Structure formats: structure tokens, C-alpha cells
């Protein structure tokens, strides 16, 4: 008959948990990019409520965001590609920024 002491089971469990916690974590790199920024008028004042559209030039897919009270927008989870970005607001002429290139993991900020 084999006798195991409770100490060896506990020590083995603690050792296993410790080893698991010390293993380096594999944080996967995101396969997408984020585009953010502010929309301002010609005098540098922020434009709240502006619609910002990012169009993927390769696929034609469009994603939109609306600026907040501080003129800030963010469009997450964009595929890596070249984009055409347009900002529009009532009472303003549309502004377009061509060839905004996003790579994997980018967090690019624009001032439009």
C-alpha cells in the first residue's frame, strides 16, 4: 500500500500554481488598427457632432464615427490598409485626408 502525505499533495499543487503564474503571458498582437483624432475648423475650434468616415481604399468598406463635445473621434478595429478619411459637419465644407496608411496594431491620431 502506498501512503502519500497531505504535505506532498499540497506542495505539488502550490508548485503547479506558482509555475503557471510565472509563465510568460502570450499577449497576442491585435490584427487591427485604431484611428482617432480631432476635427477642428479653420480657426482651430473643435467641431462637435462631425461625422468622420474612414473608407478602406482596397475594399470600399466604410466605418463612421461622430465627434464628441471636444471634437474627438475614434474608429477601432480597422483592417490594416490605406484609407481615405472624410470629416463632415453641418455648416462646414467636407475635409478629406487621402492615403492614411494603417498597419497592424497602429493607433494613429489625425487632426482634421
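Just so you know, all these numbers are worked out from the coordinates, no wet-lab data involved. Note that this is a predicted model, so its numbers are computed, not measured. Neighbour counts run over all protein chains shown; Cβ positions are idealised from the backbone, glycine included.
The set of residues in the stretch 59-86 being closer than 14 Å to residue 103 by Cα and either assigned to a loop (DSSP other than H, G, I, E, B) or free of Cβ contacts under 8 Å to residues at least 12 places away in the same chain (or both) consists of 79, 80.
Restricting the stretch 36-57 to residues that are assigned to a strand (DSSP E or B) and either on the phi > 0 side of the Ramachandran plot or under 18 Å from the mean Cα position of the chain (by Cα) (or both) leaves a set whose member that is surrounded by the most Cβ atoms within 10 Å (Cβ to Cβ) is 52.
Residues in the stretch 98-112 that are without any contact (Cβ under 8 Å) to a residue 60 or more places away in the chain and either assigned to a loop (DSSP other than H, G, I, E, B) or under 16 Å from residue 34 (Cα atoms) (or both): 2 in all.
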